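Just below is one structure, and these are the notes that go with it.
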Amino acid sequence: MRSAGTQKGMKIAVIGGGLMGLWPALDLAQAGASVAVFEAADAPRGASWAAAGMLAPLGEAIEGAGASAGLPAFGVYGLECWRQRAAVFARAGLDIGWRAKGSLLLGAPDAAAGLYAEWAQKAAGLGLEAHVLDGAALHRKAPHLAKNFKAGLWVPGEASVDPRLVLSALRAMFTAAGGVYQSGCAVTRLRIRGGKVCGVMLADGTAFDADSVIVAAGYESGAIEGVPVEPLIPVKGQMLALCVPPEGVPDAVIRAEGAYIVPRSGAPGRVIVGATSAPHCADSHIDPQVSEDLRSKAIAVLPDLAKAKVLSSWSGVRPRFADGRPRIGPCHGANAPQGLYVNAGHYRNGVLQAPASAQILSALIMGAADGPFAKDFYPPAC
Ligand SMILES: Cc1cc2nc3c(=O)[nH]c(=O)nc-3n(C[C@H](O)[C@H](O)[C@H](O)COP(=O)(O)OP(=O)(O)OC[C@H]3O[C@@H](n4cnc5c(N)ncnc54)[C@H](O)[C@@H]3O)c2cc1C
């Protein structure tokens, strides 16, 4: 991607090597900017690494987390952007675990068809195809599903990725485009001169010069000295991976009450089960009882999972602003230094929204024409 608006060689520092840092970093590097990503951790362990990877705007719209103005539509746009970008990864020979096999949305096992008709209406409002399935059609679609489910909603257009593969693929493309990725390298503060950012200060005392800075430090974005962003609420989520025989891996993502089950491609057969949600919690402790609860909830949906071995458990911290909306755009207002951008607070939908957010941010920095949602998630003036 090259744009006449990009000042070739413009120096950009990105704080954070998760999806919100790496993806705009890639777009900007490919546009001819000189981009460095600073990641505090030695190895990826942020929300992007921990995520399930569902690209599921309808599920989120229904569960309410995405219900604030414009967010469900932004999710649908995110899915559209994903389809285009998945093809780019495929052409580059990079595996991102892309599965465009739809989602099955389930209420309580005995939920009446009326509930699914209501969800189908929401889908139609978002322009998403969805079909209410009666019991027979549901069990034909998901033969391993617990027999007590009487109906469900099938959303063929939703998809999933393996976020850990996505991070590796982005990093490979970013470095191939000339970008510099420094892990184990925390940014301690912004450097500001004459009301404009001029770089960042690193934990080892090195001053790095930059014309623009993107803050994408997940739930810690508001904690960096000089960054005028409201504090974020950390929301911890615990997950687990189960090893299942390939024939036991469901085709579609299954979202049920209390747990979702996300199939992964490749051998051995694997499904991801998630997730808990603990606001104001940012530790990485794995509670075995919580893992067992998640496993039981998954077994109530797919009984064959009772025979599945637990491969691993992990946790991650979702970044959430108080209003549940992401901040994508320039910091502005009397107290904001020029040249400072933020891409943070994507809460439960960051994987879904990552390519769309990157597109908005990189177009803005490159001076390209506004695309969809260009100004909808600007940070409040400060
Ligand atoms: C359990 C779980 C399941 C999820 N499932 C889904 C899903 O299925 N679909 C979906 O769309 N979304 C999902 N999400 C949400 C999604 O993962 C997040 O919204 C998204 O990954 C946030 O990305 P980020 O880059 O802002 O944050 P992160 O991935 O956390 O990246 C921020 C990075 O900044 C680094 N950093 C922090 N401070 C500094 C500093 N001072 N200097 C340098 N680096 C710093 C951190 O080390 C970190 O690597 C899930 C999240 C969790 C936790």
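Restricting S284, S357 to those that are in contact with a strand residue (DSSP E or B) (Cβ under 9 Å, 6 or more places away or on another chain), touching a residue at least 12 places away in the same chain (Cβ under 8 Å) and outside the structural domain of K11 (by TED's automatic domain parsing) reduces the list to S284. Might you let me know whether the range 69-81 holds any residue that is among the aliphatic types (A, V, I, L, M), more than 29 Å from I299 (Cβ to Cβ) and part of a loop (DSSP other than H, G, I, E, B)? Yes, that holds for at least one residue. Only one of the listed residues (L94, L106, L115) is assigned by TED's automatic domain parsing to the domain that holds A172 and either of a type in the set (A, V, I, L, M) or more than 21 Å from the chain's Cα centre (by Cα) (or both). That residue is L94. Residues that are part of a loop (DSSP other than H, G, I, E, B), touching a residue at least 24 places away in the same chain (Cβ under 8 Å) and either out of contact with any helix residue (DSSP H, G or I) (no Cβ under 8 Å at 6 or more places or on another chain) or of a type in the set (D, E, K, R) (or both) within the range 88-108 comprise D95, K101, G102, A108, listed in sequence order. Candidates in the range 368-381 are the residues that are within 19 Å of the chain's Cα centre (by Cα) and under 23 Å from V161 (Cβ atoms); of these, the one that is farthest from the ligand (Cβ to nearest atom) is P372. A single member of A306, A300 is of a type in the set (G, A, S), outside the structural domain of G78 (by TED's automatic domain parsing) and free of Cβ contacts under 8 Å to residues at least 60 places away in the same chain, and it is A306. Across the range 245-260, the qualifying residues are those that are over 15 Å from S296 (Cα atoms) and part of a loop (DSSP other than H, G, I, E, B), and the one among them that is farthest from the ligand (Cβ to nearest atom) is P245. The single residue among L26, L19, L58, L94 that is at pLDDT 90 or above and either within 22 Å of A256 (Cα to Cα) or among the acidic types (D, E) (or both) turns out to be L58.
The rows are residues; the columns are (1) away from the ligand (no atom under 16 Å from the Cβ); (2) within 21 Å of the chain's Cα centre (by Cα); (3) assigned by TED's automatic domain parsing to the domain that holds L105.
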position	(1), (2), (3)
L138	yes, no, yes
P143	yes, no, yes
L153	yes, no, yes
M173	yes, yes, no
G179	no, no, no
C185	no, no, no
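Is at least one residue of the range 205-216 surrounded by fewer than 21 Cβ atoms within 10 Å (Cβ to Cβ) and out of contact with any strand residue (DSSP E or B) (no Cβ under 6 Å at 6 or more places or on another chain)? Yes, the conditions are met somewhere in the range 205-216. When you scan the range 162-198, how many residues do you find that are of a type in the set (V, I, T) and surrounded by fewer than 21 Cβ atoms within 10 Å (Cβ to Cβ)? Residues flagged as of a type in the set (V, I, T) and surrounded by fewer than 21 Cβ atoms within 10 Å (Cβ to Cβ) within the range 162-198 amount to 4. Listed conditions (1) surrounded by fewer than 21 Cβ atoms within 10 Å (Cβ to Cβ); (2) assigned to a helix (DSSP H, G or I) are all met by H144, apart from (2).
Residue-level analysis places V229 outside the set of residues that are in a strand (DSSP E or B) and crowded, with 21+ Cβ neighbours inside 10 Å.
Taken as a whole, the structure places A241 among residues that are crowded, with 17+ Cβ neighbours inside 10 Å and either at positive phi or not assigned by TED's automatic domain parsing to the domain that holds M54 (or both).
Criterion first (in the same structural domain as R348 (by TED's automatic domain parsing) and either of a type in the set (S, T, N, Q) or part of a helix (DSSP H, G or I) (or both)) does L165 satisfy it? Yes: the conditions hold for L165. Among the residues of the range 26-66 satisfying the criterion of being within 10 Å of the ligand (Cβ to nearest atom) and under 21 Å from M366 (Cα atoms), which is surrounded by the most Cβ atoms within 10 Å (Cβ to Cβ)? Only one residue tops the list, namely V37. Annotation: F373 fulfils all but one of (1) outside any loop (DSSP other than H, G, I, E, B); (2) in the same structural domain as L170 (by TED's automatic domain parsing); (3) farther than 19 Å from V213 by Cβ; the unmet one is (1).
The values are calculated or read from the model by the stated rules, or taken from the named source; none is laboratory data. This one's a predicted model, so the numbers in the text were calculated from it and none came from an experiment. Here the Cβ is made from the backbone with ideal geometry for all residues, glycine too, and neighbour counts use every protein chain on show.
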